[in-house]
Amino acid sequence: METRLLPTDPAEAMRSSVAEAVTVLKRGDVVALPTETVYGLAGDITSPKAIARIFEAKERPSFDPLIIHIPRKESLYEVAVVDDATENLLRKLMQAFWPGPLTFILPKHPDVSDAITAGLPTVAVRMTSDPVFKRVLHELGRPLAAPSANRFGRISPTSASAALEELDGRIPLVLDGGACSAGLESTILKFELTEGKPLFHILRHGPVTAEDLKPIGKIVKKRKPSLHTKVKEDAAPVLEAPGQTDSHYAPVTPLRLLSDPSEFQPEEGKRYALLSYRGLEDDGYIGLTEFVETFTLSPGSGKVPEAAVRLFFVMRQADQLGVDEIIAEPVPEHSIGSAIMDRLRRAAIPATD
């Protein structure tokens, strides 16, 4: 299969490319589209063929649910069951964060396929702010399922070229909407209604941070994970939401996440690349060995929002270098830094007994 890459700028190109994408979607096939977070692999939620194509193209296991993207806020009721009490809270959250990178976990509407929700009684829903994706949704007139446009477990694409690299020959079309502005997947939120403030469970950290959500609800804190997540090989996966597998967002090159420079002892003959937070010698990582190359997330300034935007782009560059191992520095675990550390932990070599 030939995968075509179509521009969306200028306006004439946008009209033509969106029309082509809608044609492909209506025939039950899939299209890679930009969002503000990462590029997504979109398929019509009413087409079993399209949903099957998403899983096939990504090599995604059937136990991992998909996020549904809706064209307008009113479309929420087409895919989720919302009672009066929940609606009051959702209105506050939607007013504050939609359209944008926040995904809700809600009871699913009976019309939503179990293939989309991996058999769960809940559905993941969000409304993107990306103009290309919004235009496709508007022209198609119904919601789209769209996980990240990469092979399962690999680095999420934040550019059209990265999406093409991941899925070339597997899908018919990629629409080029430029670089993603957020650079990390959406925050996934599950909530409980109480007599006081609602309780918020952040199932996946992302661009909408705990600090952003605190004015509306109380954040339920999880136990802080270790730098490496242990893979439970003998346990069946039970996922509440997309992107929760132990190993995810991973380069082909082994990646090791350090909590302290003293943890690293280079092995003779091995070639290493460094994924640095600020690129400063004072942080203690740059001088650990003669790295083939150092990739910096936020040069000098150490700003976690900049590091979030650059993470997958830089990780992909390091993966293409052909070294034996990528060494990653930690970033401060506050605000969107929590999301960066979540992605680095899932990308890293699993802990062993």
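Across the options Leu258, Leu288, Val331, the greatest Cα extent toward the positive end of the charge dipole of region 255-347 (unit charges at beta carbon of Lys, Arg, Asp, Glu) belongs to Val331. Among Thr37, Thr194, Thr253, the order by Cβ neighbours within 10 angstrom, fewest to most, reads Thr194, Thr253, Thr37. The phi-based Karplus calculation (6.51 cos²θ - 1.76 cosθ + 1.60; θ = phi - 60°) puts the 3J(HN,Hα) values of region 38-51 at 9, 5, x, 9, 9, x, 5, 5, 8, 10, x, 4, 5, 5 Hz, whole numbers, x for Gly and Pro.
Pairs exceeding a 28 Å alpha-carbon distance, out of Lys58/Lys270; Lys58/Lys190; Lys218/Lys303: Lys58/Lys270. Can you tally the net charge around Ala96? Count Lys and Arg as +1, Asp and Glu as -1, for every other residue whose Cβ sits under 12 Å from the Cβ of Ala96. So the surrounding residues net to +2. Note: relative contact order over the chain, using C-alpha pairs below 8 Å and six or more positions apart, is 19 percent.
Could you rank the peptides 337-347, 131-141 by their average count of other C-beta atoms within 10 Å per residue, with the highest value first?
337-347, 131-141
Could you state the number of Å between the C-alpha centres of region 48-90 and region 102-168? Result: 7 Å between the Cα centres. Dividing the C-alpha radius of gyration of the chain by 2.2 N^0.38 Å, with N its residue count, gives 0.99.
Here, P(r) means the percent of Cα pairs in each 5 Å bin from 0 to the largest distance; for region 258-353 it is 2, 13, 25, 27, 21, 9, 2, 0. Sorted fewest first by neighbouring Cβ atoms within 10 angstrom, Leu288, Leu311, Leu167 come out as Leu288, Leu167, Leu311.
Given +1 at the Cβ of Lys and Arg, -1 at the Cβ of Asp and Glu and no other charges, the dipole of region 255-347 around its Cα centre is 480 debye to the nearest 20.
Laboratory data are not the source of any read-out in this text; all were calculated from the coordinates shown. Computed from a prediction, not measured in an experiment: that's the story for all the values here. Positions of Cβ are generated from backbone atoms using ideal geometry, with glycine treated the same way; all protein chains shown enter the neighbour counts.
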